[in-house]
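Just below is one structure, and these are the notes that go with it.
The values are calculated or read from the model by the stated rules, or taken from the named source; none is laboratory data. All values derive from a computational prediction rather than experimental measurement. Here the Cβ positions follow ideal geometry from the backbone for every residue, glycine too, while neighbour counts run over all protein chains shown.
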Amino acid sequence: MEGKTVNLSGQQIAHAIKQERTNLEMVQKTIASVQNLMQEIFFAKESLKSIKKTKKGEKAMLALGVGLYLDVKIDENSKVKKSIPGNIIIDSQIDKALEDLDKKEKEAQEKLEELDKQQKSIYANMNTLGQIVTQAEKARREQTN
């Protein structure tokens with residue numbers, strides 16, 4: 001099988017580079033979102049483990065986020081409230097909630113790996129396009145000399 005030559009205009013190459021940059025930005029934003037989710041999962045798991053170890057009637061400090069905490073008295077250390085689609089709140093055993101968080105964490109990790117592959121592919125495409133531009137500039141300089 002013979003290699004094929006494809007002619008691209010400077011405008012087409014510039015558009016392709018711009019599209020790859022847009023794709024890269026979208027992938028990087030998604031990576032940041034998934035990393036934030038993983039951080040939330042980590043803190044939720046740590047909080048659940050801590051609550052599970054706390055005795056009923058003991059006081060604990062509950063993290064509300066953004067540096068805010070609330071002193072609470074633990075009346076229940078084996079189940080939590082969990083939201084499900086439709087803004088419905090149900091009871092969930094802490095062990096089950098931890099299993100669900102482990103599953104979400106695994107899914108998030110797999111998504112990060114997929115996004116990393118996409119990011120590497122985009123970088124490779126941008127590198128190839130950059131090489132095309134460099135070769136075209138070199139050829140143009142050689143023609144003018």
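Just to be sure I understand the filter: pairs with C-beta atoms under 6 Å, separated by 6 or more residues or on different chains, first member in segment 116-129 and touching a residue at least 40 places away in the same chain (Cβ under 8 Å), second member of a type in the set (D, E, K, R) and assigned to a helix (DSSP H, G or I). Which pairs pass?
Qualifying pairs under 6 Å: I122/E20; N125/E20; M126/E20.
G86 fails exactly one of the following numbered conditions: (1) on the phi < 0 side of the Ramachandran plot; (2) modelled with pLDDT of 90 or more. What is the number of that condition?
(1)
I'm told K49 meets every condition in (1) surrounded by fewer than 13 Cβ atoms within 10 Å (Cβ to Cβ); (2) in contact (Cβ under 8 Å) with a residue 12 or more places away in the chain; (3) farther than 19 Å from L98 by Cα except one. Can you identify the failing condition by its number?
(3)
Restricting the search to segment 52-83, which residues are loosely packed, with under 10 Cβ neighbours inside 10 Å and closer than 20 Å to N36 by Cα?
Result: L64, G65, V66, G67, L68.
Could you say which residue among K4, K111, K103 is within 30 Å of T134 (Cβ to Cβ) and among the basic types (K, R)?
Among K4, K111, K103, only K4 is within 30 Å of T134 (Cβ to Cβ) and among the basic types (K, R).
Specify which of the listed residues (S33, S50, S121, S92) is over 30 Å from H15 (Cα atoms), modelled with pLDDT of 90 or more and hydroxyl-bearing (S, T, Y).
Unique residue meeting the criteria: S92.
Looking at Q109 and the list (1) within 30 Å of I13 (Cβ to Cβ); (2) loosely packed, with under 14 Cβ neighbours inside 10 Å, which single condition is not satisfied?
(1)
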